[in-house]
Amino acid sequence: MEKINNSSFETKDIEKKSLPSWVFSWESFLLATTVLVFFINCLASPYFLDPWSLSDATFNFSEKAIIALPLALVIIVRDIDISVASIIALSSTAMGFTAEVTDSLFLICSAGMIVGTLCGALNGLLITRLNIPAIVVTIGTMSLFRGITYILLGDQALKNYPESFSFFGQGYVAPFIGFEFASFLVIAVLFYILLQKTNFGRRTYAIGNNPTAAYYSGINVAKHKLIIFIMVGFFCSIAAIMLTSRLGSTRPTIALGWELNIITMVVLGGVSILGGSGTIVGVVIAVFLMGLVNSGLGLINVPGIVMSIIIGAMLICVIALPGVFQRLRNKVGN
Amino acid sequence: MKQLLKNREAQLALVILSLLAMIGAIIPDFLAISNLLGVYTDTSILIILALGQMLVIITRCIDLSIAANVALTGMVVATINSLYPDFPVPVIILIGAGFGTLLGMLNGWLVWKMKIPSIVVTLGTMAIFRGAVFLISKGAWINAHQMSATFLEIPRYVFLGLPILGWCSVIVIAAMYYFTRHRQLGRKIYAAGNSPTAAYYIGVDVGKKQFIAFTISGLLAGIASYLWISRYAVAYVDIANGFEMLVIASCVIGGVSIAGGTGTVIGCVLGALFLGIINNALPVIGISPFWQMAISGSVIILAVIANSRSERKVGRIILRKAVQNAS
Amino acid sequence: ADMRIGLVVKAQGIGFFEAAYKGAQEASAEIEDNIEIIYTGPVTPTAEGQIEIINSLISQKVDAIVVSANDPDALVPILKRAQQRGIKVVSFDSGVATAGRQIHLNPSSNELIGRMNIELAATSLEAAKSEKGDIAILSASPTATNQNIWIGEMEKALPEFPQLTLVATVYGDDLADKSYRETQGLVKTYPNLKVIVAPTTVGILAAAQAITDMKKTGEVFVTGLGLPSELAGHVESGAVNSFAIWNPIDLGYAATHIAYNLIQDTASETEVEMGRMGVAQLDAEGNAAMSSPFVYDISNVAEFAKIF
Amino acid sequence: MSEVTPIFSLLNISKHFPGVKALDKVQLDLYPGEVTALVGENGAGKSTLVKVMTGIYQPTEGELYLDGKPVNIATPEDAHHNGITAIHQETVLFDELSVMENIFAGHYLQLPSGRLDWKQMEQETIRILSEIEAPLAPKKLLKELSIGQRHMVAIARALSFDARVVILDEPTAALSHREIEEFYAIVYRLQKKGCAILFISHKFDEIYSIADRFTVFRDGCYIGEGKIAEVEEKELVSMMVGRSIDTAFPKTEVDIGDCIIEVKDFCHPTEFDAINFKLHQGEILGFYGLVGAGRTEVMQSLFGVSNNASGQIIVNNKELAIKSPSDAIKAGIVYVPEERQAQGTVLEFPIYQNISLPQLDKLNPKGFLNTATEYSLADKYAKRLKVKAPNWNEKVENLSGGNQQKVVIGKWLATEPKIIILDEPTKGIDIGSKAAVHEFMSELTEQGLAVIMVSSELPEIMGMADRIIVMREGLMVNEFERAQFSAEQLVSAATGMTGELQ
Ligand SMILES: Nc1ncnc2c1ncn2[C@@H]1O[C@H](COP(=O)(O)OP(=O)(O)OP(=O)(O)O)[C@@H](O)[C@H]1O
Ligand SMILES: Nc1ncnc2c1ncn2[C@@H]1O[C@H](COP(=O)(O)OP(=O)(O)OP(=O)(O)O)[C@@H](O)[C@H]1O
Ligand SMILES: [Mg+2]
Ligand SMILES: [Mg+2]
């Protein structure tokens, strides 16, 4: 039996040497698709390759993308959070009320961040302390959080934001580089380091692959998940700051229906919904891919819903492809 | 009696009764038979969809596309009716049921044969189905005046005090009860969800059972779509948008475990009724509409906390004295 | 010269806006310059959806944007950006706050619309053969600008109609099922309810359906703003006695003319020309009103149902 | 042997898994009215053959004959139709379903209308259960039953088929002495009815008391067969292992040192009660018992996995509260779990990441990964344990079971523990790796570690332990010093033939 094992190692090594493994990776497949879509866009619309047009398009996805990053961690540890859009709403409401009494950007933003973080902590506590599946908890908190904004705001809007607040959602840090987009890039790098280069990241993958073994190895799984949910809450509030600033106002309907968009970004990025695998690079490429598809179709005035068909079909095809290839290869092999 | 109180369905029924008592204390009229029947009728569609969703959840899957299925099938049904007003309505209903079933089968097939996790499949098909509604309708609404009178009248026809719409859900409940309790296929669906490995050992094809669950869920969505369209007398892209969450919430409140393998028709119906009563009662007791969402959210959370308490893993019982205590 | 005007509506598929689009096309055919109308809107009536669309219209360097807003404030930043890039912005139907647009075209004066709705309620009360009675308002979403303004105007006009008591305002979010359920709730809660005023085409339709289903026709009347084509059946069945609407075709037509005049720089501070609809007077904040709404009842609804 | 013809025979059966030949051209004959014992060490491929016979696995090659005619058993349903039934080694039952439904799942009794005949099933359940003297309420949910009761349900399930071929894969492992007697009676009745029975067990006394014939497998290969009456136990054993067993246990004599851990009155509401023991440096303490005796639960509670146990744990004269595995690791207690793949390793991780996992914070105090230090740590321990792999970047899922086990042990040794708990350390691993693990245990004691070994294998535990505690139904029933070890006493204590320890 040992012999068999050894020989199977050898064949694997040969496979690996003949072509570097990243060629077949999910990320390169996505990247190729993204490049393809980019060129199609160039052909489809004369307005696409315009610096302003590209720059404006980044505003459409940056906030969602910022949430997709921590959400990737949630999905890697086999959980899910569908209350993200509602956390944005509640956090934005907190900022709106703070803005009624003060012009201090620091206070306004802190209020939002504190509320967002608390929402994340509530999710995390319910999930880890009471051992309730995350999907169930967050279906509940999704209604609860947004419900609270309805109670607080009713049919009113909060729009007493100071002039300077508009920077977060509308400002530029360099020519054509919006503050939102720049923040997304910076946060993406931070998450890349967190997930790929730290103990925390390693533990995240360990929990995702085998929560029992991770627990038996002395990892405090509950605490780890709690931290991840708190992170989601926090970054929802960051997104809330940007979105609120971009809209210049807060309504209870803010960010309605975003949760499924964000989950789609993560899954398309190659994060397995079953947990344990996926990278930040993949998520970032998926963000760009979805951004390009949306802006390209937008420029030729295709209605948003047709875009959602394309994204939905892409999601299914792209997840099904590796399995289909595997089966084809097996068939050929036999 | 003690045994009865341990039963989750009995607990939920008790909660519903006390909820009704509370509402009745504020608005006695709410408890009038006619009003309760009205509330039931109003909840019928939710019940039908929740029962489909329940089967899917029992097999360890989830169907996020169920509301989009209602919208797409509904648009197909409404389009046929508006283009060919003389086309017999029963045939239209059959077409709707068939079309919904096909959509369910598509989900099931992707889960079964393509081995894609159901949440990904239905996230995708949800977007696709809704988009398809737009493509069929070009975004336009189909309104009451474009539908034929029979088309609109059938579910409203009152028979023994209850509109046909209500009877539909009664029939679906009875059929599902029979199916899940007394048919081999129904029981195998539970077995497949409870322990896929063990199910495999006794010759149950788990993937196929998931396919069947999705198919039935699609069939029920198809039936519900006609009821929905004719009840609200309008068809448009956004119909039932977000309704999937309400459907899933009904299941969860009714004690259907997201981990699969458990959940009963009665529990699920009670879960849907619970939400239905709350949704109907809030406007009536004069709670500001702005409170509704937060209240349903809290109710869902409280229900799952209660369920998780009663469901807590017993663990293995090795000690003799513990065995005796348990029995 | 070639021009492109983006017509951004609250959501796709609403009959009212489809009619407005017809009017816009009519205007573009009439104007000598070659005008392309880009008719677009989100699928769900949200501000975020409209922002994305406006973003892409800016990228396409359209000459003007004509918009009916889902949120008066949230669209301001993006429309400001559009104006910075030299795009003219006109809002119609449901307005944008002053900073976000140059001209807002009200279908009629808000005061008039508010008063008309109350007058319709009074007429319906007579139809219900009651001296006195409760009325309720079924609005669209709580954030809809025009709805809120009209509701405000209705409340102002109410004291002149002592026979009417306003008991509740509920929101159907411009969703058929939600509006339907809210209507049921109203009828159950307020036994003396005689009239439901729904100044929204979606709401009035759903409310009429709910009243019919509850077998309350003749007891509770629905009125408000609606389209003849959608309401003809309910007027015949008696769920609706009378209702009002301005001609959406005219509205789209006029808004397009205003946009054209802005592009041509032929609008003054105080007035702007609207083709066959005449000349509109602008107030200090750039608000214009088109014409007064028209009332429909059993006598004329069938005739107009063929048009819009 | 030619006078009776077999009902069911298998010829040249092979079953390959990626990287493993679980079965290599094996054969087996089952005769009507006779019990054939299938013997072989852990991992010999016995259960795999059972799965081939019941349609759960498809053989890579080979033929099956029923009554001399070739049959194709493609699904478990085909097996039912051909009258083949099995009690599998793992209890494959449904927690959330009732006893009655567990018995009839997959072959429900139906009325002509297709409606399930619950009444009939309930009567049948009562009948079958009373036949095996297990009076369980048919409507009780399985999750409310104890391990022993679950096994009775599994047996009842097998009896509910009108079967001609009955396969019993280690059915007695969790049964008490009385239940085993009852079980013999059932087998005898089946035999009288003319059923062909395949009996898999590691217990020779059972084999000798009920089997007529035997077949021996070793490492997935057929070794031989014959009549039980004509073979001696020693011969069987040497066929099984391919060598004589006395050389197998490299126990070295070590001076027993100070008491390092003392467990006092350790109790759990449902799983164990009144556990008391002391463990010294350099000592190997064995825990013996039937499967399901609760040994794993005791160890897991000691390691902090489940924290509803009460009692005192005193390590180096200090009382500790162990609430989670990380507390235990800090106290120097580590646990090599029984379920290697499910609890011991992250299969998708490379070897070196598995080894460094429990002490990432110690290795990388700043929180950033340093692959080089991790790798060198892994290198040290993987080399010491002689893990067979091209390099330590290899994923653990690609290793054989024995090497996976070495990785788990290496992971824990790298934390430099004081007490190491090994739960069934050699379950399902090949002979070579087994010896390596045993040698290693001796080496550990020499270095002054204290070892707790849970094992169900008598030779192993008798060969390695200094002291053995026997558990039954969650209670400590006896304790033996090395000098007192005797197989009979251990087995009778475990199965409940002797009185309990007072
Ligand atoms: N699904 C599988 N995939 C890969 N290898 C497997 C699989 N099932 C069994 N094996 C391997 O096949 C070999 C035989 O296993 P099997 O379970 O048949 O042994 P056994 O004789 O029943 O042992 P035991 O006495 O411990 O029950 C082992 O090496 C095992 O690791
Ligand atoms: N929750 C459970 N429900 C049903 N069966 C279980 C459960 N947990 C474990 N088992 C099964 O029970 C059997 C014995 O369990 P376990 O190993 O924990 O007992 P033990 O007393 O430690 O015995 P040993 O260590 O000798 O195996 C195993 O076959 C296992 O698969
Ligand atoms: Mg075995
Ligand atoms: Mg064990």
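Filter segment B:98-115 down to the residues that are buried (at least 22 other Cβ atoms within 10 Å of the Cβ) and at the interface with chain A (Cβ under 7 Å from one of its Cβ atoms) and list them by number.
Selection gives B:Leu110 alone.
Please specify each residue of segment A:241-252 satisfying the condition of being in contact with a Ser or Thr (Cβ under 6 Å, 6 or more places away or on another chain) and part of a loop (DSSP other than H, G, I, E, B).
Pass one, segment A:241-252, residues in contact with a Ser or Thr (Cβ under 6 Å, 6 or more places away or on another chain): A:244-245, A:250-252.
A:Arg251, A:Pro252, listed by residue number.
Considering only segment A:193-237, state which residues are more than 9 Å from every other protein chain (Cβ to nearest Cβ), farther than 26 Å from D:Glu397 by Cα and within 17 Å of the chain's Cα centre (by Cα).
A:Ile227, A:Ile228, A:Phe229, A:Ile230, A:Met231, A:Val232, A:Gly233, A:Phe234, A:Phe235, A:Cys236, A:Ser237
Of the residues that sit in segment D:123-154 and are touching a helix residue (DSSP H, G or I) at 6+ places or on another chain (Cβ under 7 Å) and of a type in the set (Val, Ile, Thr), which one is farthest from D:Leu290 (Cα to Cα)?
Once the filter is applied, the top-ranked residue is D:Thr125.
Under the condition of being touching a residue at least 12 places away in the same chain (Cβ under 8 Å), part of a loop (DSSP other than H, G, I, E, B) and within 16 Å of ligand 4 (Cβ to nearest atom), which residue from segment D:330-370 is surrounded by the most Cβ atoms within 10 Å (Cβ to Cβ)?
D:Pro337
Take the residues of segment A:153-176 that are touching a helix residue (DSSP H, G or I) at 6+ places or on another chain (Cβ under 7 Å) and assigned to a strand (DSSP E or B): which is farthest from the other protein chains (Cβ to nearest Cβ)?
If we take residues in segment A:153-176 being touching a helix residue (DSSP H, G or I) at 6+ places or on another chain (Cβ under 7 Å) and assigned to a strand (DSSP E or B), then A:Val173 is farthest from the other protein chains (Cβ to nearest Cβ).
Using the structure shown, decide if D:Lys234 is over 30 Å from D:Ile313 (Cβ atoms) and either more than 16 Å from ligand 1 (Cβ to nearest atom) or assigned to a helix (DSSP H, G or I) (or both).
Values: over 30 Å from D:Ile313 (Cβ atoms): yes; either more than 16 Å from ligand 1 (Cβ to nearest atom) or assigned to a helix (DSSP H, G or I) (or both): yes.
Yes: the conditions hold for D:Lys234.
Is it true that D:Leu142 is in the same structural domain as D:Pro32 (by TED's automatic domain parsing), crowded, with 19+ Cβ neighbours inside 10 Å and among the hydrophobic types (A, V, I, L, M, F, W, C)?
On the way: in the same structural domain as D:Pro32 (by TED's automatic domain parsing): yes; crowded, with 19+ Cβ neighbours inside 10 Å: yes; among the hydrophobic types (A, V, I, L, M, F, W, C): yes.
Yes; evaluated as a whole, the condition is true for this residue.
I'd like the full set of residues that are away from ligand 3 (no atom under 16 Å from the Cβ) and outside any strand (DSSP E or B), limited to segment D:5-49.
D:Thr5, D:Pro6, D:Ile7, D:Pro18, D:Gly19, D:Tyr31, D:Pro32, D:Gly33, D:Glu34
Go through segment C:127-185 residue by residue and tally those that are more than 19 Å from C:Thr46 (Cα to Cα), more than 14 Å from chain B (Cβ to nearest Cβ) and in contact (Cβ under 8 Å) with a residue 60 or more places away in the chain.
5
Kindly indicate whether any position in segment D:159-166 is closer than 21 Å to D:Gly289 by Cα and either buried (at least 21 other Cβ atoms within 10 Å of the Cβ) or within 12 Å of chain B (Cβ to nearest Cβ) (or both).
Narrowing segment D:159-166 to residues closer than 21 Å to D:Gly289 by Cα: none.
The answer is no, given that none of the residues of segment D:159-166 is closer than 21 Å to D:Gly289 by Cα and either buried (at least 21 other Cβ atoms within 10 Å of the Cβ) or within 12 Å of chain B (Cβ to nearest Cβ) (or both).
Restricted to segment A:36-57, and to residues that are in contact (Cβ under 8 Å) with a residue 24 or more places away in the chain and within 10 Å of chain C (Cβ to nearest Cβ), which residue is nearest to C:Val62 (Cα to Cα)? Break it down into steps so the answer makes sense when it comes.
At the first step, the residues of segment A:36-57 found to be in contact (Cβ under 8 Å) with a residue 24 or more places away in the chain are A:37-38, A:40-41, A:44-45, A:47-48, A:51-55, A:57.
Subsequent filtering for residues that are within 10 Å of chain C (Cβ to nearest Cβ) retains A:45, A:47-48, A:52-55, A:57.
Details: A:Ser45: 14, A:Tyr47: 11, A:Phe48: 14, A:Trp52: 14, A:Ser53: 13, A:Leu54: 16, A:Ser55: 17, A:Ala57: 16 Å.
The qualifying residue nearest to C:Val62 (Cα to Cα) is A:Tyr47.
Report whether or not D:Ser176 is within 16 Å of ligand 4 (Cβ to nearest atom) and over 17 Å from B:Ala198 (Cβ atoms). Give the steps one after another, and end with the answer.
Values: within 16 Å of ligand 4 (Cβ to nearest atom): no; over 17 Å from B:Ala198 (Cβ atoms): yes.
Spelling it out, it is not the case that D:Ser176 is within 16 Å of ligand 4 (Cβ to nearest atom) and over 17 Å from B:Ala198 (Cβ atoms).
Restricting to segment D:269-309, name every residue that is within 14 Å of chain B (Cβ to nearest Cβ) and farther than 12 Å from D:Met471 by Cα.
D:Pro269, D:Thr270, D:Met299, D:Gln300, D:Ser301, D:Val305, D:Ser306, D:Asn307, D:Asn308, D:Ala309, listed by residue number.
Can you say whether D:Leu175 is crowded, with 21+ Cβ neighbours inside 10 Å, in the same structural domain as D:Ala211 (by TED's automatic domain parsing) and within 16 Å of ligand 2 (Cβ to nearest atom), as far as the supplied structure shows?
Numbers: crowded, with 21+ Cβ neighbours inside 10 Å: yes; in the same structural domain as D:Ala211 (by TED's automatic domain parsing): yes; within 16 Å of ligand 2 (Cβ to nearest atom): yes.
The answer is yes for D:Leu175.
For segment D:276-311: of the residues being of a type in the set (Val, Ile, Thr) and in a loop (DSSP other than H, G, I, E, B), which is farthest from ligand 4 (Cβ to nearest atom)?
Narrowing segment D:276-311 to residues of a type in the set (Val, Ile, Thr): D:284, D:291, D:296, D:298, D:305.
Still in the list and also in a loop (DSSP other than H, G, I, E, B): D:291, D:305.
Details: D:Val291: 7, D:Val305: 13 Å.
My answer is D:Val305.
Considering D:Phe249, D:Phe272, which residue is under 30 Å from D:Lys434 (Cα atoms) and within 16 Å of ligand 4 (Cβ to nearest atom)? Before you say what the answer is, go through the steps one by one.
Values: D:Phe249 fails: within 16 Å of ligand 4 (Cβ to nearest atom).
Going through D:Phe249, D:Phe272 in turn, the sole match is D:Phe272.
Within segment D:312-327, count every residue that is buried (at least 17 other Cβ atoms within 10 Å of the Cβ) and outside any helix (DSSP H, G or I).
Total satisfying the criteria: 5.
Could you tell me whether any residue of segment D:80-94 is among the β-branched types (Val, Ile, Thr), buried (at least 21 other Cβ atoms within 10 Å of the Cβ) and within 16 Å of ligand 1 (Cβ to nearest atom)? Spell out how you get there, then give the answer.
Here is the first cut: in segment D:80-94, the residues among the β-branched types (Val, Ile, Thr) are D:84-85, D:87, D:91-92.
Cutting the leftovers down to buried (at least 21 other Cβ atoms within 10 Å of the Cβ) gives us D:84-85, D:87.
This time we only want the ones that are within 16 Å of ligand 1 (Cβ to nearest atom), so: D:87.
Yes; the residues of segment D:80-94 include at least one that is among the β-branched types (Val, Ile, Thr), buried (at least 21 other Cβ atoms within 10 Å of the Cβ) and within 16 Å of ligand 1 (Cβ to nearest atom).
Among the residues in segment B:130-140, are any surrounded by fewer than 23 Cβ atoms within 10 Å (Cβ to Cβ), in contact with a Leu (Cβ under 9 Å, 6 or more places away or on another chain), within 14 Å of chain A (Cβ to nearest Cβ) and within 30 Å of B:Met75 (Cα to Cα)? Break it down stepwise before answering.
Here is the first cut: in segment B:130-140, the residues surrounded by fewer than 23 Cβ atoms within 10 Å (Cβ to Cβ) are B:132, B:135-140.
In the following step, the residues that additionally are in contact with a Leu (Cβ under 9 Å, 6 or more places away or on another chain) were identified as B:132, B:136.
From what is left, the residues that are within 14 Å of chain A (Cβ to nearest Cβ) are B:132, B:136.
Restricting the remaining residues to those that are within 30 Å of B:Met75 (Cα to Cα) gives B:132, B:136.
Taking every residue of segment B:130-140 in turn, at least one turns out to be surrounded by fewer than 23 Cβ atoms within 10 Å (Cβ to Cβ), in contact with a Leu (Cβ under 9 Å, 6 or more places away or on another chain), within 14 Å of chain A (Cβ to nearest Cβ) and within 30 Å of B:Met75 (Cα to Cα).
Conditions tested, residue by residue: (1) out of contact with any Gly (no Cβ under 7 Å at 6 or more places or on another chain); (2) modelled with pLDDT under 90; (3) part of a helix (DSSP H, G or I).
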{"site": "A:Ala255", "(1), (2), (3)": "yes, no, no"}
{"site": "A:Ile262", "(1), (2), (3)": "yes, no, yes"}
{"site": "A:Val287", "(1), (2), (3)": "yes, no, yes"}
{"site": "A:Asn301", "(1), (2), (3)": "yes, yes, no"}
{"site": "A:Ile305", "(1), (2), (3)": "no, yes, yes"}
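I'm checking my understanding of the structure. Among residues of segment D:190-227 that are at pLDDT 90 or above and among the β-branched types (Val, Ile, Thr), which one is farthest from ligand 2 (Cβ to nearest atom)?
Across segment D:190-227, the extreme among qualifying residues is D:Ile223.
Taking A:Ser295 as meeting all but one of (1) at the interface with another protein chain (Cβ under 8 Å from one of its Cβ atoms); (2) surrounded by fewer than 23 Cβ atoms within 10 Å (Cβ to Cβ); (3) in a helix (DSSP H, G or I), write down the number of the exception.
Against the list (1) at the interface with another protein chain (Cβ under 8 Å from one of its Cβ atoms); (2) surrounded by fewer than 23 Cβ atoms within 10 Å (Cβ to Cβ); (3) in a helix (DSSP H, G or I), A:Ser295 comes up short only on (2).
Could you please tell me which pairs satisfy a Cβ distance under 7 Å, a separation of 6+ or placement on different chains, a first residue in segment B:19-36 that is within 11 Å of chain C (Cβ to nearest Cβ), and a second residue that is small (Gly, Ala, Ser)?
B:Phe30/B:Gly24; B:Phe30/B:Ala281
Out of D:Lys192, D:Lys203, report the one residue that is of a type in the set (D, E, K, R), within 16 Å of ligand 1 (Cβ to nearest atom), surrounded by fewer than 18 Cβ atoms within 10 Å (Cβ to Cβ) and away from every other protein chain (no Cβ under 12 Å). Steps first, please.
Details: D:Lys192 fails: within 16 Å of ligand 1 (Cβ to nearest atom).
Going through D:Lys192, D:Lys203 in turn, just one is of a type in the set (D, E, K, R), within 16 Å of ligand 1 (Cβ to nearest atom), surrounded by fewer than 18 Cβ atoms within 10 Å (Cβ to Cβ) and away from every other protein chain (no Cβ under 12 Å): D:Lys203.
Hey, A:Ser308 hits all of (1) within 12 Å of chain B (Cβ to nearest Cβ); (2) in contact (Cβ under 8 Å) with a residue 24 or more places away in the chain; (3) under 30 Å from C:Asp173 (Cα atoms) but one; which does it fall short on?
(2)
In this structure, is D:Glu96 away from ligand 4 (no atom under 16 Å from the Cβ), touching a helix residue (DSSP H, G or I) at 6+ places or on another chain (Cβ under 6 Å), acidic (Asp, Glu) and not in a strand (DSSP E or B)? First the steps, then the outcome.
Working: away from ligand 4 (no atom under 16 Å from the Cβ): yes; touching a helix residue (DSSP H, G or I) at 6+ places or on another chain (Cβ under 6 Å): yes; acidic (Asp, Glu): yes; not in a strand (DSSP E or B): yes.
Answer is yes for this residue.
The values are calculated or read from the model by the stated rules, or taken from the named source; none is laboratory data. The structure presented is a predicted model; accordingly, all values stated were derived computationally and were not measured. Cβ atoms come from the backbone with ideal geometry, glycine included; neighbour counts cover every protein chain shown.
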